[in-house]
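The values are calculated or read from the model by the stated rules, or taken from the named source; none is laboratory data. Everything numeric in this text was worked out from a predicted model, so none of it was measured. FYI the Cβ positions are ideal-geometry reconstructions off the backbone, even for glycines, and counts take in every protein chain you see. Heavy atoms of the whole protein, side chains included, go into the accessibility calculation; ligands, DNA and RNA do not. Shrake-Rupley method; radii C 1.70, N 1.55, O 1.52, S 1.80 Å.
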Amino acid sequence: MTLTLASVNLHCGLDRNGRPFPVKQAIAALDADVVLVQENWRVEGSTSLAAAAAADCGYGSVTELDLISGVPLARLDIVDGEVPEETGSFGLAVLSRVPWESVWPLALGAARGDVVGIRSAQVVTFAGLRAVNVHLTHRVLHGPAQLRRLVAGLRGHGIPTLIAGDLNMCRPTVRVAHPYRPAVRGRTWPAHRPMAQLDHVLLGPGLTATHARVGPPVGSDHLPVQLTVAASEGDR
């Protein structure tokens, strides 16, 4: 199986100054078979940013995982300064033009001082390939332990797997995810003047990547990462 895949931290639909940006245009610009979204935001009683974009961009399959609900947007502390006075749910989403076989959450534990509480990953299985969407804690001392827990939880399923998302750690640190290996190289944060790569795609055994790159700005404070991924012949 071959897929074009993109991962993007939507920053709750806000730019670095707290101003809304057009999320639907951002998703459309990625033009991938599968889009993994972090910092998805749903105002209470409304459709989430990711789900609304999916409806307009031809993604027939959408799955969401709220990491925290009933939280004021300001409490997430994602912007220095004012943000809209909203309460809602914050989490992950996967948008796909390709049917999947299963979706399940994988708990990664909590970090002291992280308002989100228990972080979890979304595990989505396609025919011959598995994609894992994750947003690790910003509490940098705890991120590697969450990544190790994720790798351990994925063992023994016998399908080529990739891990993608905002790992909140720089490239050297993602080595703790062995045997997963980085597929994209380039600084992704902050988008207006990138200084570090916090957003990654890690490939497990049996997967190869082409056209791997850091994408252009979409409005968020993170740049997206994009690639084409395929299972090798022996693993299909």
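Tabulated values for the structure
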item	result
Phi to ³J(HN,Hα) by Karplus 6.51 cos²θ - 1.76 cosθ + 1.60 over the stretch 38-51, Hz, x for Gly, Pro	10, 6, 6, 10, 10, 5, 3, x, 10, 7, 5, 4, 5, 5
Backbone N within the stretch 188-231 under 17 Å of label point (7 Å from Val140 Cα along the Cβ vector)	188-191, 194-200
For the chain, the fraction of alpha-carbon pairs in successive 10 Å shells from zero, as %	8, 36, 40, 15, 1, 0
Computed over the stretch 45-89, the ratio Rg/Rh where both radii use C-alpha atoms and Rh is Kirkwood	1.04
Accessible area of the stretch 57-211 divided out per residue, in Å², using a probe of 1.4 angstrom	46
For the stretch 1-88, the fraction of alpha-carbon pairs in successive 10 Å shells from zero, as %	16, 50, 28, 6, 0
If the convex hull is drawn through the Cα atoms of the stretch 79-148, its volume per residue in Å³	130
Most mobile of Asp80, Asp31, Asp199 in a GNM of the chain (Cα contacts under 10 Å)	Asp80
The stretch 68-119: radius of gyration over Cα atoms, expressed as a fraction of 2.2 N^0.38 Å	1.47
Point-charge dipole on Cβ atoms (K/R +1, D/E -1) for the chain, about Cα centre, debye to 20	920
For the stretch 160-222, alpha-carbon Rg over 2.2 N^0.38 Å	1.11
Length released on extending from Glu101 to Arg171, taking residue separation times 0.36 nm less the Cα-Cα span	22.1 nm
Extreme residue, positive dipole direction of the stretch 2-231, given options Ala93, Leu154, Val62 (C-beta unit charges)	Leu154
Fraction of accessible area attributable to carbon and sulfur, the stretch 2-231 (%, probe 1.4 Å)	51
C-alpha long axis of helix 143-154 to longest principal axis of the chain, angle in °	40
Long-range amide H partners of Gly117 with built H, under 5 Å	Ala111
Max mean-square fluctuation residue, GNM over the chain, Cα-Cα springs under 10 Å, options Ser220, Ser61, Ser89	Ser61
Structure-based [θ]222 nm, the chain - -39500 (n - 2.57) summed over DSSP H runs of at least 4, per residue, nearest 500	-3500 deg cm²/dmol
